[in-house]
Amino acid sequence: MFLFLYFGGPNTTNLRFFVLFAIIWIGIDGSAQSPEASFITIPSFESGSIVVCAGEPIGFINTSLNVGPIASYEWDFGFGASPATYSLEGPVFVMYSSVTPATTASLTVNNNDGSAPSTFSISVSVIESPVSDLYLGPDELDFSETEEDGVRVFTRCNSDGNQLFTLETNEGADVSQSFDWGDGTPDDDETSIVGNLISHEYPVGDFVLEHTVTYSNGCADVRLYRVFNGSAPIVTVSGSGQNTCTPSPYAIDVISNNVPIDYIVSYSDIEDIEEFNTANDTTLNHIFQQNSCGEQYVISPILPPIENAYSATLIASNLCSTNGIPTVFTIGPITVSSGPEPVILPLPLGSPCQDESLLLTSVGMPGETVTINGCDDTTLTHWTIEEPAGWVLELGDLGASNGATGEEYVFGAWEDGSEAISLGFGTPGTYHIWLHTGNGCGEDSTEYSVQVNPFGTVSPSTATSSICSGDTVNPVTWTSSQPNYLITWNADAGEGLTGVEPSMGIGLGPLQSPDSWALENTTDEIQYIEVSANVGCTSNDNAVWTIAVYPQINLEKEALDGPVCSGEDWQVEVGTNVSGVDLTWTADVPNGVLGCYPGAGDVIDEQLINSTNESQTVTYTLVTPNEVCPMDPVEYEVIVLPQVIVPAIGDLAFCPDEEVEIPNYDLPIDGLTWSWENDNTDVGLGASGNGVLDGFNAAANDTGGSIVGAVTVAVEQADCPVETTTFNLTLYPSPEGSFDVGPNGGVSCVDGLATISATTSAADPQFEWDGPNVVSSNGGVAEVEGEGTYAVTVLDGVTGCASLFEVEVLPPDPMDITAIDFLPPNCFGGSDGWIDVLTNETTSLGYAWTPSGIDTDGGYAGSLTSGIYTVMVTNGSECQDSVTIELLDFDPLTLMLVETVDSECGEANGSIEVVAFGGQGGFAYQWGLFQNNALLGGVDEGFYDVEVTDAGGCEVEGTFEVACYPLTPIIPSQLLTPNGDGFNDTWVVEYLWMYPDHNVKVFNRWGTQVFEAEPYDNNWAGTWDPALGSDKLLPAGTYYYLIDTRKKSQKPFRGFIELQHEER
């Protein structure tokens, strides 16, 4: 849901107010859905199109449906739109400033979830809109036309009456127009226009003209103009007097020549300024709130200021002010004095008690009187008390008015009193004290009324109380001898006491306090609370109520680490937090538990025996029977664990890989923790474990002897001593066997037979052979025909343990060369080639290389030159394979000169270009410390060495020569006679064409440059260079030329040329 407001347009007539309040519901269920693009416009479009005036905005509001959470938007508003495109959801307002017959505005919505995007569009037509443009008529000579803050102003100055203003409009009488003249006269329309001119008579004043132009297509424009008829301001200013007191008003009279005038008024006592416009005389009033002491009235920058004075400034101006300069008036000096402000500060504050003193101090601001000698803060003071008796002046002088007060006030006639006085009050009651102050601005006074209270006393309903910790104390009632006095009380609690809240209070008597205290004594001793109370005015000591709070007796006992073991001696120390308290206890003993008795003292010492199969709980109850505030009975529980006895387990013997069962040794007691440890894990049992061990799988034993391990079984119950038993495990060895298959681990390539021979460590062994084709067997030897897997079972005649072995007879092993890798010599004629032969086997191979005598290592031959090489490879079964490889040389690496360009002597602009052939390509060129390309440029005459390296690192070198030829000097003509006779008409410099980068300059005898060319085409005819401001013919005379060929070995050519207007 969104609220969108839009106000206004570029033309006043087009001012519009749009309010859109729309609720858009978008369902999002997480699945891909195609959006439905749509929008509305402000103003609304109809039948897919909208027509607007040029310069009028259109609001586009997105109303698309089925829009996903990551949807994107592409707006395109067509030709002449600003903005032309938009990529957010909107809304967006678009301005069409140019007339457009028809353009398209569209919105494309893409959910970016794989669904198809949707586009919605309308046609927008922009029609012509008028523009108001009024200006002064062509004959308005005494009028002026200006612009101020974007408003066109028509002004007629030096006028003291009605004036006829003639204005010219940019639209003729055939266009609908209206003129609101702004002076209260009826409006005119286009019928009053004559030849694009319209006139109106304005009285003296300042007016706003409203001009409206409306086309037949409905587009309109409104523009405001300002019209001023009058003259420059003539103003007379006078003040109401120069001396005053705060806060009297100060008046300034302003008299003018009754023309509209803009006024700006400021006063030096404030920062604010006042601005207004009027054609009438007026009076300005200002009230000074502060005196002028410390202020300065600046008369002139060259004169000293007048001290302790304010000033006022008035600025008057209008459109006819001479040269736009306003008229400025300064009114001053204005001296402002201030009277004193009486303020009494009493100490102490509030109502004093009988026989107490009250200090009264005058703390108000003194008055200041502005005099010719500066500011004088002399202020006279006197005190008066309305009550004639009951008080005494303890400090200071009251002073007196001597009758000079009210209408008879005379500054200086008073007898000045003290700034501070102290009064003592022996009689209770109300007293009225006045402070009077005065100076040259007059007198002022203030009153302070004080109530003096009599003495009172307070007493509690009881003096002492006592309670146990945790109990609630009964409140006490405080009574005052003065019924209307406030009683204040405060509690001073001993250490470790809590619950004293609130700890103080106040109220009228009789006062009950506290309302409810639930007191806690957290110490081990009796603690006291002393509550004191009194009234504000008293001559007696505080009344006191004392409360004794007995401590809470708490059992302090030694905590057991956990349950106690059956038959184990145990003891625990018991006591309380309060010393001197006697403890006694009784015991609740369950069946099957022995050794528990009642007792008294500070130690419970028992040996409990639990003959059951479950834990039993013995409950001790401890009390303090002899205390005023006894301890609540406390139960202390002791858990007694049952007795544990582990049964014996016999020794066990077994074969490898056999499943071994352990006799059950578990007990019917809850909470037991069983564990076991094995000192030899080779039997197949781990080193240790938790729980009851019921069996395991025996390990393999290929050691040739028995493996013996001792197993210790342990049982734990809480922190009781561990009970254990031990038994042995014996693991017999598996019969060992090793087998040899010949020949070479497989079937012979000659007859297809293989022999298997067995060797074993078993006592009195027995053999059983099985396989695909056992030809014969005799004990530990069998002959087989064909490859395959053959099984042999070996049985130990003593332990009865057997081992099963599998023997693999391999098929014949063919010999194959599987891969060949080689590299010819890197450079032509080199000996760094190599060949590497790989086979399907890696061991028991023999290699024979041809030709002989080369450097070989098995299937690898290195340091080879180009040529043909053969290798024969043989395996253990004498199977063979061979291969022949030819190593070829690369072409010889050669270097050839492509071109040599000779240098101009001393100019280093020669070059050498070479090219390399053969080798492995990828050539790198290096010319000594110079360049690294095939082309060496920028060199002078001499010999240059080059080294070329190919991609394989092979090198070739060469040396090449660059010659040089001398530069040709230029020959400038010494005479120039531009008379058109065909001789010396232009200045000719021979051979200049040989230097294309040259620069030519010509100077006169005073050093002024008259001509420059770059390049020069021998076409100068003695005229000024147009680039220097003129193309006229230069005077005859001698000129100096400077020609720079831009050759580093050649200095610029300098010389003189004679310019003559006639042939010599």
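The values are calculated or read from the model by the stated rules, or taken from the named source; none is laboratory data. In this text the structure is predicted, and so the values were computed from the model without any measurement. All Cβ positions, glycine included, derive from the backbone under ideal geometry; neighbour counts span all protein chains shown.
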Q. Can you tell me how many residues in region 1017-1064 are under 30 Å from Gly906 (Cβ atoms), of a type outside the set (A, V, I, L, M, F, W, C) and touching a residue at least 40 places away in the same chain (Cβ under 8 Å)?
A. 9
Q.
For the condition over 60 Å from the mean Cα position of the chain (by Cα), surrounded by fewer than 19 Cβ atoms within 10 Å (Cβ to Cβ) and on the phi < 0 side of the Ramachandran plot, what is the one hit in Thr472, Thr479?
A. Thr479
Q) Do you know which of the residues in region 683-736 that are outside the structural domain of Asn664 (by TED's automatic domain parsing) and among the aromatic types (Phe, Trp, Tyr) is surrounded by the fewest Cβ atoms within 10 Å (Cβ to Cβ)? A) Phe727
**Q.** Candidate set from region 482-501 (those that are within 15 Å of Pro514 (Cα to Cα) and hydroxyl-bearing (Ser, Thr, Tyr)); member that is surrounded by the fewest Cβ atoms within 10 Å (Cβ to Cβ)
**A.** Thr498
Q: From the list Pro249, Pro260, pick out the single residue that is more than 30 Å from His200 (Cα to Cα) and without any contact (Cβ under 8 Å) to a residue 60 or more places away in the chain.
A: Pro249
Q.
So the check is Cβ under 7 Å with 6+ separation or different chains; which pairs have a first residue in region 927-938 that's in the same structural domain as Asn909 (by TED's automatic domain parsing) and a second one that's among the β-branched types (Val, Ile, Thr) and modelled with pLDDT of 85 or more?
A. Trp927/Val946; Ala934/Val914; Ala934/Val915; Leu936/Ile912
Q: Kindly indicate which of Asn453, Asn474 is within 30 Å of Ser516 (Cα to Cα) and in contact with a strand residue (DSSP E or B) (Cβ under 8 Å, 6 or more places away or on another chain).
A: Asn474
Q) Among the residues of region 209-233 satisfying the criterion of being in a strand (DSSP E or B) and of a type in the set (A, V, I, L, M, F, W, C), which is nearest to Cys375 (Cα to Cα)? A) Phe228
Q. With respect to the numbered conditions (1) surrounded by fewer than 15 Cβ atoms within 10 Å (Cβ to Cβ); (2) farther than 22 Å from Val153 by Cα, which one is the sole condition not fulfilled by Phe276?
A. (2)
Q. With respect to the numbered conditions (1) within 30 Å of Leu641 (Cβ to Cβ); (2) of a type outside the set (A, V, I, L, M); (3) assigned to a strand (DSSP E or B), which one is the sole condition not fulfilled by Tyr665?
A. (3)
Q. Just checking, how many residues over region 432-484 are in contact (Cβ under 8 Å) with a residue 12 or more places away in the chain and over 30 Å from Ser401 (Cβ atoms)?
A. 31
Q: Enumerate the pairs (first residue in region 944-960 and without any contact (Cβ under 8 Å) to a residue 40 or more places away in the chain; second residue anywhere and loosely packed, with under 15 Cβ neighbours inside 10 Å and in a loop (DSSP other than H, G, I, E, B)) with beta-carbon separation below 6 Å, excluding pairs fewer than 6 apart on the same chain, so at least 6 apart or on different chains.
A: Asp945/Gly928; Ala951/Gly921; Ala951/Gly922
Q: Can you tell me which residue among Pro825, Pro811 is more than 60 Å from the chain's Cα centre (by Cα), modelled with pLDDT of 90 or more and not β-branched (Val, Ile, Thr)?
A: Pro825
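Yes or no, residue by residue, for (1) assigned by TED's automatic domain parsing to the domain that holds His432; (2) farther than 17 Å from Asn439 by Cβ; (3) under 60 Å from the mean Cα position of the chain (by Cα):
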position: Met365; (1), (2), (3): yes, no, yes
position: Thr371; (1), (2), (3): yes, no, no
position: Gly374; (1), (2), (3): yes, no, no
position: Leu380; (1), (2), (3): yes, no, no
position: Ile385; (1), (2), (3): yes, yes, no
position: Asn402; (1), (2), (3): yes, no, no
position: Phe411; (1), (2), (3): yes, no, no
(Q) Suppose the filter is part of a strand (DSSP E or B) and either at positive phi or in contact (Cβ under 8 Å) with a residue 40 or more places away in the chain (or both); does Thr236 pass it? (A) no
Q) Can you pull out the strands (runs of 3 or more DSSP E) entirely within region 250-311 that have at least 1 residues that are under 26 Å from Cys441 (Cα atoms) and not charged (D, E, K, R)? A) 261-267, 282-287
Q. Within region 109-162, how many residues are within 30 Å of Thr322 (Cα to Cα) and not in a strand (DSSP E or B)?
A. 15
Q. Of a type in the set (Phe, Trp, Tyr) and either over 60 Å from the mean Cα position of the chain (by Cα) or in the same structural domain as Pro326 (by TED's automatic domain parsing) (or both), is that true of Tyr225?
A. no
Q.
I'd like the residue in region 747-778 that is modelled with pLDDT of 85 or more and of a type in the set (Gly, Ala, Ser) and, out of all such residues, is nearest to Thr799 (Cα to Cα).
A. Ala758
Q.
Checking the conditions here, which among Thr327, Thr361 is surrounded by 16 or more Cβ atoms within 10 Å (Cβ to Cβ) and farther than 30 Å from Gly456 by Cα?
A. Thr327
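Conditions tested, residue by residue: (1) under 30 Å from Ser831 (Cα atoms); (2) within 60 Å of the chain's Cα centre (by Cα); (3) part of a strand (DSSP E or B).
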position	(1), (2), (3)
Gly919	yes, no, no
Tyr944	no, no, yes
Glu947	yes, no, yes
Gly958	yes, no, yes
